[in-house]
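To start, the structure under review is shown below, and the notes come after it.
The values are calculated or read from the model by the stated rules, or taken from the named source; none is laboratory data. Fair warning: this is a prediction, and the values are worked out from it, not measured in the lab. Positions of Cβ are backbone-derived with ideal geometry, glycine not excepted, and every protein chain shown enters the neighbour counts. Protein only, heavy atoms only, side chains kept; ligands, DNA and RNA dropped before computing areas. Shrake-Rupley method; radii C 1.70, N 1.55, O 1.52, S 1.80 Å.
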Amino acid sequence: FFFQQDWQDTRQLVSFSCFIYRDATMMIFLLLVIFFSLRISASDAFSLGPLQPPVLVSRRPTEALKLRRRIKFPSAASMTDNEEISPSSMAVAFDSINRCRYACTRFRRHAEPKEKTAQPVAKKGKNKVLLAETTASESDKSVIRQALHCLNIARRAPSGFNSQPYRLLMVSSVQAKEALAKCCHGRNADRVRDSDCTVLFLADREWGRDLTRFGNFLDDGDKGKSMNKWVKRKIQMLVLLFSSGYPLPRFLSAPISFLVRSIIGFIGTITRRRLLVPTLSSAETWSTKNAMLVAMSYMLAATSRGLATCPMEGVWAPGSRRALGIPRRYAIPLIVSTGTPYHTPTADLDEADDIGMVHGAGSDKVTPRYPLRDVVFADVFGSEAMLPS
């Protein structure tokens, strides 16, 4: 009995040692990637003299001026079809779009569903089909087409290393809108039911599972030329480092991500900040930052086409995943309902939402913001930014 117990203890000790060795090997590999990517030797990191800032020369020439000359205005009575956009016109248009954007509290229902009977709202689950009374409205196909075009434009939003760690799910059918509405809080459910479509912005918390796909994407995007193998591996490892989206189960990737971030922060501390290491975020935080750039681009594009939007975060994420078949690797930081605003001859455009907030409709009724001096600083935090005279 004692011999068997000792043998089991020995096996457990060996297994634990192998686990520690594997993790230590991964940590050493990640640290080597950091040193290689920053091109700083260990002797320079621990030297007493200050490091010289590297001179970064971009190999990618800007095409802003050329693009600005190619963009055309839509035809209007005041201009010809061939007239080009001037820089001042672009600024005025963007300022107007940004000022006109607001959170629509109520949408106009396009049409009532043809059959108000119990319809399936979820097709995935434990061999069961959920039935519920359908109250969502039919969607306007023209609005759906415009929203899809806005999503296509929003894909041009920047992302870290062009990794695009997000997915966009548009919900427009009666059944899908009703299923999503049941996972929304308060009047968010009514906005999902009444709007023509709702876009779910999904943040990828396990980006590392697309590592091979990203490598193929890098090869295809280099004008048909295969990228250098070592350069491609370096980019992949850097994205994996910054994203913390290791291709492992969540109960393993979360502690590994915390350990890597702690080690990198410790390196910056012991080198007295002579080695400039990046500040890393968790996998969900990193992917959410990238997804929000797409969300804002989408809302501005929708506003430019006369569509009303309402960004919402009051949604039950686990229920939404089950209802719409979303994998658990994706977080749901934001949903945006899109459609036509509700107007009646006696309606107040500044209708308050369910908590009493008024969001403002139109350029002449913008919602207030904190003063510029309380938000924007110059050079040093807290120093008031003075507008040039």
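Residues that are part of a loop (DSSP other than H, G, I, E, B), among the acidic types (Asp, Glu) and touching a residue at least 12 places away in the same chain (Cβ under 8 Å) do occur in the stretch 206-222. One residue stands out among those in the stretch 307-339 that are over 18 Å from Gly245 (Cβ atoms), among the hydrophobic types (A, V, I, L, M, F, W, C) and in a helix (DSSP H, G or I): the one that is most open to solvent (accessible area, probe 1.4 Å), which is Leu324.
Looking across the stretch 243-260, the residues that are over 15 Å from Tyr330 (Cα atoms) and crowded, with 17+ Cβ neighbours inside 10 Å come down to Ser257, Val260. Residues that are open to solvent by less than 50 Å² (accessible area, probe 1.4 Å) and without any contact (Cβ under 8 Å) to a residue 24 or more places away in the chain within the stretch 263-288 comprise Gly265, Gly268, listed in sequence order. Taking Ser142 as the residue in question, decide whether it is surrounded by fewer than 16 Cβ atoms within 10 Å (Cβ to Cβ), modelled with pLDDT of 90 or more, farther than 30 Å from Ile235 by Cβ and over 16 Å from the mean Cα position of the chain (by Cα). In short, yes.
Among the residues here, Arg155 does not qualify as surrounded by fewer than 20 Cβ atoms within 10 Å (Cβ to Cβ) and modelled with pLDDT under 95.
Does the stretch 228-238 contain any residue that is free of Cβ contacts under 8 Å to residues at least 60 places away in the same chain, in a loop (DSSP other than H, G, I, E, B) and surrounded by fewer than 17 Cβ atoms within 10 Å (Cβ to Cβ)? Checked against the condition, which is being free of Cβ contacts under 8 Å to residues at least 60 places away in the same chain, in a loop (DSSP other than H, G, I, E, B) and surrounded by fewer than 17 Cβ atoms within 10 Å (Cβ to Cβ), the stretch 228-238 yields at least one hit.
Filtered by the rule that a residue be of a type in the set (A, V, I, L, M), in a helix (DSSP H, G or I) and out of contact with any Leu (no Cβ under 7 Å at 6 or more places or on another chain), the stretch 264-290 gives Ile270, Ala283. Within the set Leu211, Leu200, the sole residue that is among the hydrophobic types (A, V, I, L, M, F, W, C) and over 19 Å from Leu169 (Cβ atoms) turns out to be Leu211.
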